[in-house]
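Encoded as structure tokens, the structure appears first; notes follow it.
Quick note: the coordinates plus some simple rules give every number you see, no bench work behind them. Values in this document were obtained by computation on a predicted structure and should not be read as measured data. Neighbour counts are summed over all protein chains in view; Cβ atoms, including those assigned to glycine, are modelled from backbone coordinates with ideal geometry.
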Amino acid sequence: MRGWLPVFKKEMRLYFGSPVAYAVGTFFLFIAAFFFAPNFIQYADVSMRAAMQPQMGQSLNATESILRPLTYNMAVVLLFFIPMLTMRLFAEEKRSGTMELLLTYPLRDGEILAGKFLAALSLYASILALTLSYPITVAWFTRIEWGAVLTGYLGLLLVGAAFLSIGLFVSSTTENQIVAGFGTFGALLTLWLLGWFADSAQGTLRTVIQQAAIIEHMESFAKGVLDTKDLVYYLSVTAFALFLTLRSLESKRWRG
Amino acid sequence: MTLLMTLLKRWGMWGAVLCLLGAGGLALFASWMTRLQWALVIAAAVLFVAAAALNWREGASLLGRRGMRHGASAALLVLMALGVAVLANAVSLRYNARWDLTENKRHSLSPQTVKLVRGLTAPVEVISFFRSDMPGKRTAEDLLKQYAQASGGKFTYRMEDPDRSPGLARRYGVESYGTLVMQSGDKSEKVLDADEDRLTNAVVKVTRSGKPVIYVVKGHGERDLSTAERAGLSQAKEQMEKANYTVKELELARQAKVPADAAVVIVPGPKTDLLPPELAALDAYLAQGGRVLFMADPLQADGLVKYLAKYGVALGNDIVVEPSPIGQLFGVGPEVPIVTGYEQHPITKDMANVMTGFPVTRSVAPAKEERPLEGIRATALAKTSRDSWGETDLAGLRRGQPARRDPADTPGPVSVLTAVTIVPAPGAKTEPKAEPKAEPKTNGDAAKKPEGRLVVLGTSTFAANQGLGFQGNRDLFLNIVSWLAGQEGEIAIRPKDTRQNPIFLTSAQSRTVLWLSIVILPGAVMVCGIWLVVRRRRIN
């Protein structure tokens, strides 16, 4: 199973050698900053007011008021960014005809998939690492709860992995990048909007919809709670989408 | 027979799919796997096998084709993988573990609650009435979910929108959004703010077996429980019964002892003095952690003044007069002082901004002893306004002279409601001792004996039918009773203090943060990208 490494390297070279990674990174950080900076400054304002009027008795917890909404909002923003990272992965190969070439290499489908998936995940993780500057900024001024930051980032990593694998699958079914991008976006949006319908359902149906909705599971991660059911959800979605991709790749061989 | 075979051959597969869909649909709405669902699953399996057997030849030739074979096996694999994923999620939903990594575990239930909920023997159901878009809804549901998870099936809840099901809301008497109705058996309890403290205590209330008994003393011209006239206590009785208490009369002179099952004893405005054996019975009761509510009307039963002084309560020989205009707004005269502010106490916890009226009351204040009595702590809970005073010229009032403030009177604000806790010292009698001692701690031996509680009101009209309906009087009365009965919060759960960590920024600092996050960080990434592209162009 060493075959994934050359694919991984090639993908990484493609990502960092083209403006794609930088453009996605720039926009993601720019938008994330708008979820962070105004909130941060408003928090400082509230702190100042509370200090002058102690009877206000506000609970001022920086982790709760700044980082929790930030984490959750970043997960929502991913809905729009992940499709840009994945749309090219297989669709482009198919369009340019390199897919046949790739499939004739002495590589197993699993290795090709692993290489591409890990490359996309690494790129995403490195963009995510840059956003660590936000908790560090907050920690510079006050004490924050690193446990909650840890679960938040674990959640973001997991939700990213799930999104990426869905994107990979959609990309493997088409040779048009735009179709792949919009398809991924549509699929993710559907899984996100499911959560909205949960509110109008009752009983078991409500539980089922809630468990199926993709952003719903970010809530506990964002507030600092690690729950096995959220872990299982993201891991199973990732695994299932990767499995689908594998079947889709395999079908190329026998469909001809 | 042949017809059946043909039907099976033709439609068997579809029948199997329909059966499976039916079973799945039922599983969504009914509880998991009832007998009917099993029957459907088995029927699906039988239909599938039969149809497969009958279609064998065609199927085999179809499968013989390469694409079909691969496609079918791929579809089967995908279905299996989907099944595994769904199963994993279903299992994880039921058997999940949870770690709260916040420093004060603020997203987890306290150990007391978990212990209580885990030990539930009767089912508890909560219906919570939230508008769909209410901000508190999610927090409440989050909390209820944790209760349900900790209980192992005994605690259930559902969320209702009072606007969408107004009939249901009316049935449970829900008047405001965000109300939770908790039920267990024939008991129910309304919770207005979904926090852990209130919810847990509501669980205690609805699951407690038996109702606490409240005894109301008679025999000295007290107000009567069964009288529905203005002067009677019938409404107070009704309210207490609604709040899950049993209310009984008590002829203390005959029994010479407070019954063992008494949760609270009420002395509602005696007109003549209680006899020494009766007072001794109350003493003994209080010493064992008893709970007594005295309503001592002015000009009557003067023996109580001396008696209550023992418990650190100064009963004034006066009538509180309040000429302020607020009372006149409600059509009550200066003999009904209005109270709008309360001291911090479990009784007055929810009374902020709620007015109460104390008709014809004398002043009741903690005694100004030079040396504190051991184990006794008296707190003034309600005070009238600054403009009021305690009129001591009672003879003049009787003659019909208008009340006038003079130096002999008690100056306002006047305390009209006092609560006392009596912590029995280990091995000692509760008789007040002369030596001053530090306040006994609530741990050690003393904690094993329940503390005695005493509430003294300067008027009994407050709880009578004519006074109970006034503004917040009913709530305050029930709060007093539930504090005395020890039900105001049996389980005290410390609110999870979110740690205060304010941030103070100079304007330079806040500008730096803005620039760094919005411009510099994304900008740096962009510059890297541009530099890379430019370099590539040059190389090419």
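With only alpha-carbon pairs counted, each pair once and no self-pairs, how large is the Kirkwood hydrodynamic radius of the protein assembly as shown in angstroms?
Details: mean 1/r = 0.0307 Å⁻¹.
Answer for the protein assembly as shown: a Kirkwood hydrodynamic radius of 32.5 Å.
Just to confirm a number: summing +1 for Lys and Arg and -1 for Asp and Glu over residues other than B:LYS271 whose beta-carbon lies under 13 angstrom from that of B:LYS271, what do you get? Kindly include the intermediate steps, with their values, before the conclusion.
Details: positive: B:LYS218, B:ARG223; negative: B:GLU222, B:ASP224, B:ASP273, B:ASP297, B:ASP302.
Charge balance near B:LYS271 sits at -3.
Average partner chain C-beta neighbours within 10 Å, per residue of A:17-29? The partial results should precede the final answer.
On the way: counts 3, 4, 7, 1, 4, 9, 3, 2, 7, 10, 3, 2, 9.
That average works out to 5.
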Fill in: Alpha carbon centroid spacing (whole Å) that separates region A:125-165 from region B:145-197
36 Å
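Could you grab the relative contact order for chain B? Cα pairs under 8 Å, six or more apart, rounded to a whole percent. Walk me through the numbers on the way to the answer.
On the way: 898 pairs, mean separation 63.4, N = 540.
That works out to 12 percent.
Within 10 Å of each residue's Cβ, count the other Cβ atoms and sort A:LEU102, B:LEU77 from fewest upward.
Details: A:LEU102 18, B:LEU77 15.
Exposure proxy ranking, most exposed first: B:LEU77, A:LEU102.
Calculate the FRET efficiency for B:VAL17 and A:SER96 from the Cβ-Cβ distance with a Förster distance of 56 Å, rounded to the nearest 0.05. Please list the in-between numbers first.
Details: r = 41 Å, r/R0 = 0.73.
Efficiency computed from Cβ-Cβ geometry: 0.85.
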Worksheet item: Stretched out fully, how many nm does the piece from B:MET134 to B:ASN104 gain, at 0.36 nm a residue minus the Cα gap?
Response: 8.2 nm
Worksheet item: How far is it, in nm, from the label point at A:SER18 to the one at B:ARG386 when both lie 7 Å from their Cα along the line to the Cβ?
Response: 7.7 nm
Item to complete: Rounded to the nearest 0.05, what FRET efficiency do B:LYS211 and B:LEU532 give with R0 = 60 Å and r taken as the Cβ-Cβ distance? Could you check?
Response: 0.15
Item to complete: Treating the angle as unsigned and between 0 and 90°, give the value, to the nearest 10°, between the Cα long axis of helix B:196-207 and the longest Cα principal axis of chain B.
Response: 80 degrees
Worksheet item: What is the set of long-range amide H partners of B:LEU250 at a cut-off below 5 Å, with H atoms built 1.01 Å from backbone N?
Response: B:VAL216, B:VAL217, B:LYS218
Fill in: region A:117-256: projected area of the alpha-carbon convex hull, averaged over directions, in nm²
10.6 nm²
Worksheet, complete the sentence: Within 10 Å of the Cβ of an average residue in B:140-147, the count of other chain Cβ atoms is 1
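Tell me whether region B:100-162 comes out rounded, prolate or oblate; compute the Cα gyration tensor, take square roots of the eigenvalues as a ≥ b ≥ c, and use a/c under 1.5 as the rounded threshold. Intermediate values should be presented prior to the final figure.
Working: a/c = 3.23, a/b = 1.17, b/c = 2.75.
The shape class here is oblate.
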Worksheet item: Per residue of A:130-140, what is the mean number of Cβ atoms on other protein chains within 10 angstrom of that residue's Cβ?
Response: 2
Discussion item. Please compute the modelled spin-label separation between B:LEU87 and A:ALA139, points set 7 Å along Cα→Cβ, answer in nm with one decimal.
Written reply: 4.2 nm
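Starting from the Cα gyration tensor of region A:1-125, take the square roots of the eigenvalues, sort them a ≥ b ≥ c, and report rounded, prolate or oblate (rounded when a/c is under 1.5, otherwise prolate if a/b is larger than b/c, else oblate).
On the way: a/c = 4.52, a/b = 3.35, b/c = 1.35.
Since a/c reaches 1.5 and a/b is larger than b/c, the shape of region A:1-125 is classed as prolate.
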Discussion item. With +1 on the Cβ of every Lys and Arg and -1 on the Cβ of every Asp and Glu, and nothing else charged, how large is the dipole of the protein assembly as shown about its Cα centre, in debye rounded to the nearest 20?
Written reply: 3580 debye
Worksheet entry | Rounded if a/c under 1.5, otherwise prolate or oblate - chain B, Cα gyration tensor axes | prolate
Practice prompt. Find the relative contact order for region B:232-339 and round it to a whole percent, using C-alpha pairs within less than 8 Å whose residues are 6+ positions apart.
Written response: 19 percent
Practice prompt. Please state the charge dipole magnitude for chain B, taken about the Cα centre, from unit charges on C-beta atoms (+1 on K and R, -1 on D and E), reported in debye and rounded to the nearest 20.
Written response: 3500 debye
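Can you sort B:CYS528, B:CYS19 so the residue with the fewest Cβ neighbours within 10 Å comes first?
Values: B:CYS528 16, B:CYS19 21.
By the 10 Å Cβ count, ascending: B:CYS528, B:CYS19.
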Discussion item. Positive end of the dipole of the protein assembly as shown, charges at C-beta (+1 Lys, Arg; -1 Asp, Glu), about the Cα centre: which of A:ASN73, A:GLN211, B:GLY529 has its Cα farthest in that direction?
Written reply: B:GLY529
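Near A:TYR233, within a Cβ-to-Cβ distance under 15 Å, what is the net charge of the other residues, with Lys and Arg +1 and Asp and Glu -1?
Values: positive: A:LYS229, B:ARG94, B:ARG98; negative: A:GLU216, A:GLU219, A:ASP227, A:ASP230.
Value of the local net charge: -1.
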Worksheet entry | Spatially proximal aspartates and glutamates relative to A:LYS10 (Cα-Cα < 19 Å; intrachain offsets below 8 disregarded) | A:GLU92, A:GLU93, A:GLU100, A:ASP109, A:GLU111
Worksheet, complete the sentence: Dipole check, chain B, charges on Cβ (K,R +1; D,E -1), about Cα centroid: among B:THR392, B:GLN235, B:ALA194 the Cα furthest to the positive pole belongs to B:ALA194
Worksheet item: For B:TYR177 and B:ALA97, FRET efficiency with R0 = 35 Å and r from the beta-carbon atoms, rounded to 0.05?
Response: 0.55
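Counting other beta carbons within 10 Å of each residue's own, what order do B:LYS383, A:LYS10, B:LYS306, B:LYS154 fall into, fewest first? Before the final figure, lay out each step's value.
Working: B:LYS383 22, A:LYS10 14, B:LYS306 11, B:LYS154 19.
With the fewest neighbours first, B:LYS383, A:LYS10, B:LYS306, B:LYS154 line up as B:LYS306, A:LYS10, B:LYS154, B:LYS383.
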Worksheet item: Nearest 20 debye, what's the magnitude of the dipole of region B:262-351 about its Cα centre given +1 on Lys and Arg Cβ and -1 on Asp and Glu Cβ?
Response: 240 debye
Worksheet entry | Antiparallel bridge percentage (DSSP; both residues within the protein assembly as shown; nearest 5) | 60 percent
Practice prompt. Only helical DSSP H runs with n ≥ 4 go in: add -39500 (n - 2.57) per run for the protein assembly as shown, normalise by residue count and round the 222 nm mean residue ellipticity to 500 deg cm²/dmol.
Written response: -17000 deg cm²/dmol
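Hull surface divided by four, with the convex hull built on the Cα atoms of region B:184-293: how many nm²? Intermediate results must be reported in sequence, preceding the final value.
On the way: hull surface 33.3 nm².
With every direction weighted equally, the projected area is 8.3 nm².
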Worksheet item: How many angstrom separate the Cα center of region B:376-414 from the Cα center of region B:282-302?
Response: 22 Å
